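Okay, so here's the structure we're looking at.
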Protein chains: 2
Amino acid sequence: MDISALLTSAGINIAICVVLLSLYSVLRKQPSNLCVYFTRKYVAEPVMRSDPFCLERFVPSASWIMRAWQATDEEVLSVGGLDAVVFMRVVVFSIRVFIIAAMICIFLVLPINYYGQEMQHKQIHAESFEVFTIGNVKEASKWLWAHCLALYVISCSACVLLYFEYKSITKMRLAHITGSPPNASHFTVLVRGIPWSPDHSYSDSVEKFFSTYYPASYVSHQMVYRTGTVERLMKDAEMMYRKLKTAEPQRAGSSMPCCICGGSTHSFKILKNEAESVKSKTSVDVLQPNHREKECPAAFVFFRTRYAAVVAAQVLQSPNPMLWVTELAPEPHDVYWSNLSIPYKQVWLRKITILLGAIVFMVLFIAPVTVVQGLTQLDQLSHTFPFLKGILKKKYVNQVVTGYLPSVVLMLFMYAVPPTMMLFSTMEGNISRSERKRSACIKVLNFTIWNVFFGNVLSGSIIRQLNVFSSVRDIPVQLAKAVPTQATFFTTYVLTSGWASLACELIQLFPLLCNVFRKFILRTREEPSSWALTFPYHTEIPRLLLFGLIGFTCSVLAPLILPFLLAYFFLAFLVYRNQILHVYITKYQSGGQFWPIVHNTTIFSMVLTQIIALGVFGIKKSPVASGFTIPLIFLTLLFNEYCRKRFSPVFRRSPAQVLIEMDRQDEQCGRIEEIYSQLKAAYNSPLPTDSHSQDPSTSGSRRSNQDQESSRDPESLKPGSLRCGKVMPTTEQSGRICEKCQSSIVLPRASPREI
Amino acid sequence: MDISALLTSAGINIAICVVLLSLYSVLRKQPSNLCVYFTRKYVAEPVMRSDPFCLERFVPSASWIMRAWQATDEEVLSVGGLDAVVFMRVVVFSIRVFIIAAMICIFLVLPINYYGQEMQHKQIHAESFEVFTIGNVKEASKWLWAHCLALYVISCSACVLLYFEYKSITKMRLAHITGSPPNASHFTVLVRGIPWSPDHSYSDSVEKFFSTYYPASYVSHQMVYRTGTVERLMKDAEMMYRKLKTAEPQRAGSSMPCCICGGSTHSFKILKNEAESVKSKTSVDVLQPNHREKECPAAFVFFRTRYAAVVAAQVLQSPNPMLWVTELAPEPHDVYWSNLSIPYKQVWLRKITILLGAIVFMVLFIAPVTVVQGLTQLDQLSHTFPFLKGILKKKYVNQVVTGYLPSVVLMLFMYAVPPTMMLFSTMEGNISRSERKRSACIKVLNFTIWNVFFGNVLSGSIIRQLNVFSSVRDIPVQLAKAVPTQATFFTTYVLTSGWASLACELIQLFPLLCNVFRKFILRTREEPSSWALTFPYHTEIPRLLLFGLIGFTCSVLAPLILPFLLAYFFLAFLVYRNQILHVYITKYQSGGQFWPIVHNTTIFSMVLTQIIALGVFGIKKSPVASGFTIPLIFLTLLFNEYCRKRFSPVFRRSPAQVLIEMDRQDEQCGRIEEIYSQLKAAYNSPLPTDSHSQDPSTSGSRRSNQDQESSRDPESLKPGSLRCGKVMPTTEQSGRICEKCQSSIVLPRASPREI
């Protein structure tokens, strides 16, 4: 591909982006799209603005860019939680690193590449892209020290930046723990693998165990119940009803006086009477005798202090490590109920099976990638399909096909991946939504790196024989041969997949179409929160990291990619900030757990870059440059090891010192009793007869707390597991007052992209 | 090599073994060798028997075999501790597995191999060894299912046996924890990475931290002190004195009224006055002002209950994971004092450096192995050195050189490895002797498997180019080609290195010579315990596991090795039992920590066997057998994963349930006060002015406890760190009454093979 083809591609993409951004700036001003582009605000306060029909609404503007630019980190933190801040730090880190990389590579490396061989240079726009890559430097050139120096500068600055990011995010995580108001999850431990006994129920076993071994700190516990047939039928009936209901919709936000016992709670009055009647039947007559049989060998155990909970969670309880397995409970909103009933003994087997499944999926996916990759090599294509020769000879077709089509096809294929990986992570048995998302993020990331990066790098030359990784010693050389030649593809990939994906993200095509369909064709008004989404970290973090990987590996070899990449990251900064501030809601948080993934991947990218550079220096016969690269690899790995020791334990375990201080503060403030009373109802309520947490004295202390983040996925409302789920009022959580039982209840809302 | 050469080798080795065993049975009856062959008993009760000079003393007998055979596991446990039992379980496990393997391989596989090809069979003794290996089965033979079946039977029985062994050893470990009398290490946490503060000493920081965060359970603490110059000089002077002293030796066992402050305590009266005078100078005048500067950022912290200690050890203390690093303290005798003063921040760097060092050592060692391997291929040798042709043509020389010499040379080289690895493990910063030995065991094991097994398997054919592992896909085929051809070498290796090493182990050549030299040439009588050794697990476990690996990999391919291997393991059973019962003393224990190493290595051996079989079946073009082998690999790995989940956490962390029960029992028995009083003095005494553990009220409760296990290495007696070391009387520990300070003191004794 020559520069003009690249510029054509860039032109097309810039045009598309400008059009889409303008379209966005118009669409967001339409009151009917309020629930698409300002979902956060709309869920909190679902009032339709009745703006006058004025021309201004149809003029594109850049005000959203200003707003996104001016927002502070504190704003992002308060709106999107720590995970959103971490995500934005990834973007900022990438911008910083690639500014440094662009400076050194464009001013030092690029001229060396361009004048690397004595040749007649054409006009710039007719010049081949390869002239700007390291491929153009002649063998045993004296100037390869510049590439080596650039590699050192990039690696060192990346390490320094990574260190300070890790440090500040660790601080933020600690502040997130200490700064949050008394949170039920801090006091609660999830116990799994409760041993079965013919004499007692699981509940009795739990009570006996913890009152024996933790007499001073054990408060009470809450069993997890299996979904029974009646509940499942109830739920199905409800679902049907929800789907069919076309009666005038209730305005959300008012109190929802409904509580189906044995089923999830829902926000429609019309079911009330039926539900009541069912309740009196099921809960008292039918469920009562089966009560014990419905218990799962899992329970939430509440402790008197945070420290006691963390001790119970971190200590090995039983001589049989498969029994009495404890871990800190996820926040009430974060619990993934349906996985709680999975026997703990199965979990390891599920994890292994899913791992194998994910690997098989990853490997089989290589087929479409190889086909796509064929498109960049037109000669081969026209050789295979001779009838295409005529069409492909046209210059315009040639440019579109080589510069644009492969990435688009790849992008479409890639859309199927995150839902699959999310499904895998669900089946894996993760007990919290944030953990499930984190696990899916890792899977998508591995998938992306393998299929997009290695698939593309190697398929053009070797991977057809799947041979490269079977020969360990040759990897650097093979990669060194392949990466510079694929730099063209990666540049177009940044232009198409990168820029276009940001524009698509901004315009929210799918929700927009749904909204239009619902408003103008179905003419229904569903609850606003049913389409409120949480931020899709599991798709966006792998995307950012993939571009980071491409940027690192190509920076020294083909520096021309860096301006495009920087443009992508700048745009990403604005777009994601805007989306976090306006579109996505925060139902649950992982507390910065995504950063270690980012850190490890960045280190991987750097080491891979260094290995590729090693191969290139080897090919170019520059022993000095190779010799200097090897210690760099060791130093990078050493740096990673240091960070792993210094920071990562805080992401796995909560430090006792911090929690003890918090406990003492609570004690001084006299908040303890209040916390206890809230604690017992924070997780799902039990069956009415369960004495351990059905404490009538506690229901009086509930506060109503209406905010936009109260929505839940349908899975969270396993009928048996959530009964009139009382929610502790914390920052991220809220409930609404249930008129019947005087306690705040949670509203279930389906969120289509949650899985 | 043909069968007659093999039988020659076996004959030589059997003869050597019989001679050595007979020699042993004579030597052990000589009273002058009592301290060599009955070291345990001699250390406990160093009385020279004055047997009459009778003929019976010079007649070989097999009584020791009967004695070793009749000893029970309880006896081994009480004498050698849990580690000895674990070691004997390894031998028993190997015997069981290889009996099963021998049964199926000799009665099913061997005939199939022998009649695998239509050929004229010679007389058995002139038959080549290769005729009995799988190499003799013709391609695409229908009979390969028998090999596959044998593989299944061996793998399944090994897994079943492994499971029950792991289960029973886990139980034994728990019994070891619960069954032991109140042990200081259960109540003690070692804290490292104490932050430096300009205002307080480290000691004040520790007191402040633990009394703030563990007010209910913190008892006191004990700082670790750096060795000062004065102490070092003192120690050197002592060492010199010890070496030069020829005066009439004191009888050990009587009370040793000596206590050098600022140095280690020694069992000779002659130093008493000098030591006293030095003490008054150094400890009060010189050491006092430097007291704070000598503190290391490490301390032993004592807790009120075992549970509190285990909580403090398992919980992450500080938001900075490099500070306040806690772990359960090793037993007082087990502490490796000189490593305690290593700053915790260095430890990770040391570990990485040592890892790299060990890898380099492992790789460089391949040179001598390759040379040795050349000896088995005489044609090549005589081709390289034409002048040898004449000698090598002689049949006898040929047989000795191919059958015997390579293993002997290899064995001699291997003697240098364990001390090197022990040195590496010392430099790594391990804080306990048992952990150091465990770490050395892992290093020696990796080294042995790589150099002896892979070095030999691959050097004959390919490794000269170090190429095999660079091509991942070809590994099974390459191994499948190499292992059967090397089966001859492994068989002779079992005969020479295996049998001979057991005979050498029994005869204790080095201590015997030392004893003779000392008694008859120097005519001195040193303390008996100075040559008392602990069991060299770090050399013997890798040896057993190497033979296990050889057995597994060769069983199906070359079943003729199994009888020799079984003979080795039977002999090992007798020899090691004898040695544990009579020779080695037990200074410290790891509590069964060696078993996970054994388990993992056995799984590795099995998977490697299966991979090799896969390669062989591929070469033999038997898709059915290959197809059935692949699931076997997965099942084996799955089994390993299950064991890892089910058993191994107990080897890493102590279960809370067990410790709480123990605490309650102590409380019921009213032992608590006694334990506290002992606790404060269990680890090294502090400088006289340190108030935290110099509790005068406690010294009255010391008991004198004289047994054979009181000896210590010189390293344990860092002058600054052990001052009049008071020892808690536990089963494995003892002390002697120090007349001066009325507290039990520890006798230092050099043990030459400790490092």
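Rule-based calculations on the coordinates, nothing more; no lab input. As the structure is a computational prediction, the values presented were derived from the model and not from experiment. Every residue, glycine as well, gets a Cβ built from its backbone with ideal geometry; the counts of neighbours run over all protein chains shown.
Separation of the range A:587-610 and the range B:142-170, taken as the distance between their Cα centroids, equals 41 angstrom.
Determine the alpha carbon to alpha carbon distance for each of A:345/B:620; A:345/B:351; A:395/A:620; A:122/A:395 and list only those over 29 Å.
A:345/B:620; A:345/B:351; A:395/A:620
Short to long, the 10 Å bins of the Cα pair-distance histogram for the range A:63-200 hold 9, 23, 20, 17, 15, 8, 5, 2, 1, 0 percent of all pairs. Rounded, prolate or oblate: which fits the range B:142-233, taking a ≥ b ≥ c as square roots of the Cα gyration tensor eigenvalues, rounded meaning a/c under 1.5, else prolate when a/b beats b/c? Since a/c reaches 1.5 and a/b is larger than b/c, the shape of the range B:142-233 is classed as prolate.
With a 10 Å cut-off around each Cβ of B:549-561, the average count of Cβ atoms from other chains is 0. Look at the Cα gyration tensor of the range B:1-153: its axes a ≥ b ≥ c give a/c of at least 1.5 with a/b at or below b/c, and that counts as oblate. Taken residue by residue and averaged, Cβ atoms of other chains lying within 10 Å of the Cβ of B:317-328 number 5.
The Cα center of the range B:2-19 and the Cα center of the range B:39-118 differ in position by 21 Å. For residue B:620, neighbours were defined as the other residues whose beta-carbon sits under 9 Å from its Cβ, and their charges (Lys and Arg +1, Asp and Glu -1) total +1. One Cα centroid belongs to the range B:538-554, the other to the range A:616-680; the line between them spans 39 Å. Each other copy holds its own label point for residue A:120; taking that point as 7 Å from Cα along Cα to Cβ, the gaps run 7.9 nm, nearest first. Here is how far apart the residue A:103 label points are across copies: 7.6 nm, shortest first, using a point 7 Å from Cα toward Cβ.
In nanometers and ordered shortest first, the copy-to-copy spacing of the residue A:59 label point, defined 7 Å from Cα toward Cβ, is 12.2.
Below 8 Å, C-alpha to C-alpha, sequence gap of six or more: please give me the relative contact order for the range A:298-351 in percent. Please list the in-between numbers first.
Working: 22 pairs, mean separation 16.1, N = 54.
Answer for the range A:298-351 is 30 percent.
Highest-first packing order for the peptide set B:552-560, B:586-594 is B:552-560, B:586-594, based on the mean count of other beta carbon atoms within 10 Å.
Taking a ≥ b ≥ c as the square roots of the Cα gyration tensor eigenvalues, with a/c under 1.5 meaning rounded and otherwise prolate when a/b beats b/c, else oblate, which class fits the range A:538-689? Prolate, because a/c is 1.5 or more and a/b exceeds b/c. In this simple spin-label model, placing a label point 7 Å from the Cα along the Cα-to-Cβ direction at both residue B:204 and residue A:145 gives a separation of 5.4 nm. The mean number of partner chain beta-carbon atoms within 10 angstrom of a residue's beta-carbon across peptide B:656-664 is 4.
Sorted on the mean count of surrounding Cβ atoms within 10 Å across their residues, most packed first, peptides B:127-136, A:24-33, B:542-551 read B:542-551, B:127-136, A:24-33.
Excluding residue A:670 itself, what net charge comes from residues whose Cβ is under 15 Å from its Cβ, given Lys and Arg +1 and Asp and Glu -1? Local charge sum for residue A:670: -2. Since only A:611, A:600, A:574 are under comparison, the one whose Cα sits farthest along the positive direction of the charge dipole of the range A:531-664, derived from C-beta charges on Lys, Arg, Asp and Glu, is A:611.
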